[in-house]
Amino acid sequence: MRILLAGGGGFIGSHLADRLVARGDEVVAVDSFVTGRRSNVRHLEDSPGFQLVEHDIVDALPAMGAFDVVANLASPASPDDFASLSIEILEAGSSGNGNLLNYAADCGARFLLASTSEVYGDALVHPQKEDYRGNVDPTGPRGCYDEAKRFAEAMTAAYSRRKGVNARVARIFNTYGERMVPSDGRVVNSFVLQALRGDPLTVFGDGSQTRSFCHVSDQVAGLIALLESDYDKPVNIGNPEEVTIADLARMVIDAAGSKSPIVHVDLPEKRTGDPGRRCPDIGLAGSVLGWEPQVSLREGVAAMITYFRNHEHL
Ligand code: NAD
Ligand code: UDP
């Protein structure tokens, strides 16, 4: 297949590119590198199945020929970017996603949207199933991201209905692993970096809030299974192994053999509205994709620690 992969220079996007190129697909990665890194795809640049186009999806797309698949993973994703890149996030989810949908419609390509568990907001039901409509504050600090993704889902559904675009929507839950930017503020990479430096691990609040972390290798397998399936409604892709953030901090210290202390700090102002509990119900992914995650949090954290030791300036 020939695949346009927007956000292909990012964390998840570059792992997806690896997997697709390895199986013989041709990948054209489109990335502005607003949050991604060229080093994520440098090893692919000499591969005949890979091409990199540096471009912002919000601007009119260049002619790149016909594709079998258009995948949109292009959006800043760390809550630390929600303040500084709020408008860029909204534009990526609206006009950027629209440009990609139009490209897909024009060449009859299948479309994949990387949506998010954030469409559920600070969820009032637990675990979260796809039919839950969410609890989102549109004007709070997270609103730019949550509403951009909700709009992107709505726009994708509209292009499906009106223009016949064959679309897949992945609601991605917290995903971590090798190639995350260590300092982008997300929790697993922050804790790994702090533990390896011997710095205090900064738990926001009392650390009783939960998340359910999926290793990137499982996430990419889920995205490919969704892409290849016949199921055209949103599907949760995540790992239901739910932990408190305080437990995650202890696990990272233990896995790194670190002497770092754990400190509790006030939730930063820009993270107001931090969801209290998050865990995917992945029953639908199991039944329609035959997919479930394979990597435990402990195994994934250990792999990430090894990778950070070998590849990052600590
Ligand atoms: P990332 O920041 O590493 O990847 C996003 C990539 O998109 C980056 O390379 C960035 O430079 C690029 N990009 C952003 N805006 C762009 C634009 N306007 N034009 C072109 N390129 C642009 O983040 P990630 O964690 O790999 O996330 C990938 C996708 O998955 C995002 O859409 C994100 O919202 C979604 N997602 C991620 C998670 C997670 O836990 N990692 C959870 C839910 C959803
Ligand atoms: N968090 C934390 N310390 C940090 C970074 C994050 O305690 O240094 C917490 C944050 O408050 C949230 C959870 O970890 O409850 C996950 O944060 P992350 O930014 O990874 O993703 P989110 O799920 O909030 O989008």
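The values are calculated or read from the model by the stated rules, or taken from the named source; none is laboratory data. None of these values were measured; they are calculated from a predicted model. Heads up, the Cβs are rebuilt from the backbone with ideal geometry, glycines too, and the neighbour counts pull from every protein chain shown. Protein only, heavy atoms only, side chains kept; ligands, DNA and RNA dropped before computing areas. Shrake-Rupley method; radii C 1.70, N 1.55, O 1.52, S 1.80 Å.
Here are a few things to note about the model shown:
- Cut-off 14 Å, label 7 Å out along Cα→Cβ of SER208, residues of the range 113-152 by amide N: none
- Taking the C-alpha atoms only, the angle from helix 143-163 to the longest principal axis of the chain is near 20 degrees.
- Computed over the range 206-314, the convex hull of the alpha-carbon atoms projects to a mean area of 8.7 nm².
- Apportionment of accessible area to carbon and sulfur, the chain, percent (1.4 Å): 49 percent
- Lys/Arg +1, Asp/Glu -1 at C-beta; the chain dipole; positive extreme among GLN51, MET1, VAL187: MET1
- Once both labels are positioned 7 Å from their Cα atoms along Cα-to-Cβ, the gap between SER296 and ARG37 label points is 2.9 nm.
- If R0 is 30 Å, the Cβ-Cβ spacing of VAL243 and ARG162 corresponds to a FRET efficiency of close to 0.10.
- For the range 218-275: rounded, prolate or oblate by the Cα gyration tensor [a/c cutoff 1.5]: oblate
- Set of aspartates and glutamates with alpha-carbon distance to LYS233 below 16 Å, sequence-local pairs under 8 removed: GLU130, ASP131, GLU153, ASP281
- Taking the DSSP bridge list for the range 154-282 and keeping only pairs wholly inside it, about 25 percent are antiparallel.
- With respect to the chain, whose longest principal axis is taken over its alpha-carbon atoms, helix 187-197 is tilted by about 50°.
- Cα gyration tensor shape for the range 56-129, rounded if a/c is under 1.5, else prolate or oblate: oblate
- Rounded to 10°, Cα long-axis angle of helix 216-228 versus longest principal axis of the chain: 20 degrees
- Debye, to nearest 20: dipole size of the range 26-104, +1 on Lys, Arg Cβ, -1 on Asp, Glu Cβ: 80 debye
- Chymotrypsin sites (Phe, Trp or Tyr not before Pro) restricted to the range 1-103 and DSSP loop, no more than 16 other C-beta within 10 Å: PHE33
- 10 Å Cβ shell holding at most 16 others, DSSP loop, trypsin sites (Lys or Arg not before Pro): longest site-free stretch of the chain: 134-258
- Placing +1 on the Cβ of every Lys and Arg and -1 on the Cβ of every Asp and Glu, with no other charges, gives the range 212-260 a dipole of roughly 300 debye about its Cα centre.
- Computed E for SER287/VAL125 - FRET, C-beta separation, R0 30 angstrom, nearest 0.05: 0.95
- Charged side chains reduced to their Cβ positions (Lys and Arg at +1, Asp and Glu at -1) give the chain a dipole of some 220 debye around its Cα centre.
- Taking a ≥ b ≥ c as the square roots of the eigenvalues of the Cα gyration tensor, an a/c ratio of 1.5 or more together with a/b no larger than b/c marks the range 13-112 as oblate.
- Antiparallel beta bridges, as assigned by DSSP with both residues in the chain, represent about 10 percent of the total such bridges.
- Helix-derived mean residue ellipticity, 222 nm - over the chain, DSSP H n ≥ 4, -39500 (n - 2.57), to 500: -10500 deg cm²/dmol
- Per residue, the average separation of C-alpha pairs within less than 8 Å and at least 6 apart gives the chain a relative contact order of 17 percent.
- Computed FRET value (nearest 0.05) for GLN51 with SER229, which takes r as the C-beta separation and R₀ as 25 Å: 0.40
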